[in-house]
Structures are given as C-alpha cells and as structure tokens.
Amino acid sequence: MAVPKQGHTRAKVGKSRMHKYIKPVHLNICPKCKKPVLSHTVCLNCGFYKGQEVINVLASLTKKEKKIKEKELKQAEQQEKKDSPMTMEELTKK
C-alpha cells in the first residue's frame with residue numbers, strides 16, 4: 001500500500017477545508033431602532049420582531065438604565081419622523 005512521504009497534520013487539513021464552510025453573516029436593519037440584526041430573530045436592542053413587541057427590554061433594566069434606554073428610543077423615533085416625507089395633512093397645515 002502506498003504511504004505518502006510527508007503526512008498532513010490535522011491543522012493543515014483543517015485549514016484547507018475551513019474555507020469551504022465559512023460564509024459571511026448577512027445582517028438586516030431593524031425597522032424600529034435601525035440597529036443591525038440577524039434575519040428572522042428578535043432585535044435585542046428594542047425587543048421587536050415583525051413590528052410586534054416580543055421582549056419587554058425595559059422590564060429587566062434598572063431605573064437608571066431604563067431612563068437612558070427610553071431616551072435613546074425617543075431620539076430614534078424623532079429622527080425617523082424628521083427623515084420621513086410629510087403627509088398631505090401636514091402639508092396643508094403649513
């Protein structure tokens with residue numbers, strides 16, 4: 001039976017096989033808080049999935065952390081309002 005003169009170590013074999021299975025992670029943007037999230041998972045920042053609140057993120061926080069988180073969420077909503085186009089009702093008021 002033929003035996004190779006210089007064998008391949010497990011590390012060498014593993015390195016050559018590794019590139020076949022590594023795939024880049026595709027991240028989506030959460031529509032609520034605009035943070036990157038894996039697809040088909042709940043956003044850990046705001047707790048929303050498909051437009052519904054699944055996890056109450058504020059319940060597990062301390063009082064100080066809760067205030068900071070609420071402030072961040074309000075700022076994100078205000079930023080979203082500024083970026084969105086005006087509706088017909090808002091245009092007629094101006």
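Read-outs throughout are calculated quantities, based only on the coordinates presented, and are distinct from any laboratory measurement. Everything quoted here is computed from the prediction, not taken from an experiment. Glycine also receives a Cβ, built like all others from the backbone with ideal geometry; neighbour counts cover every protein chain displayed.
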Rounded to the nearest 500, the 222 nm mean residue ellipticity computed for the chain from DSSP H runs (n ≥ 4, each -39500 (n - 2.57)) alone is -12000 deg cm²/dmol
For the pairs 32/82; 35/64; 32/64, flag any whose C-alpha to C-alpha distance is greater than 20 Å. 35/64; 32/64
Rounded, prolate or oblate, given the Cα gyration tensor of the range 36-84, with a/c below 1.5 counting as rounded? oblate
Computed E for residue 21/residue 87 - FRET, C-beta separation, R0 41 angstrom, nearest 0.05: 0.25
What whole-number distance in Å separates the alpha-carbon centres of the range 80-94 and the range 1-78? 34 Å
The lysines whose Cα lies under 21 Å from the Cα of residue 20, excluding any fewer than 8 residues away in the same chain, are 12
Taking a crude spin-label model, label points 7 Å out from Cα along the C-beta direction, the residue 10 to residue 29 distance in nm is 4.5 nm
Partner lysines for residue 23 [C-alpha distance under 17 Å; skip if fewer than 8 residues away on the same chain]: 15
For the chain, what does the equivalent ellipsoid look like in terms of its semi-axes, each the square root of 5 times an eigenvalue of the Cα gyration tensor, given largest first in whole Å? 50, 20, 11
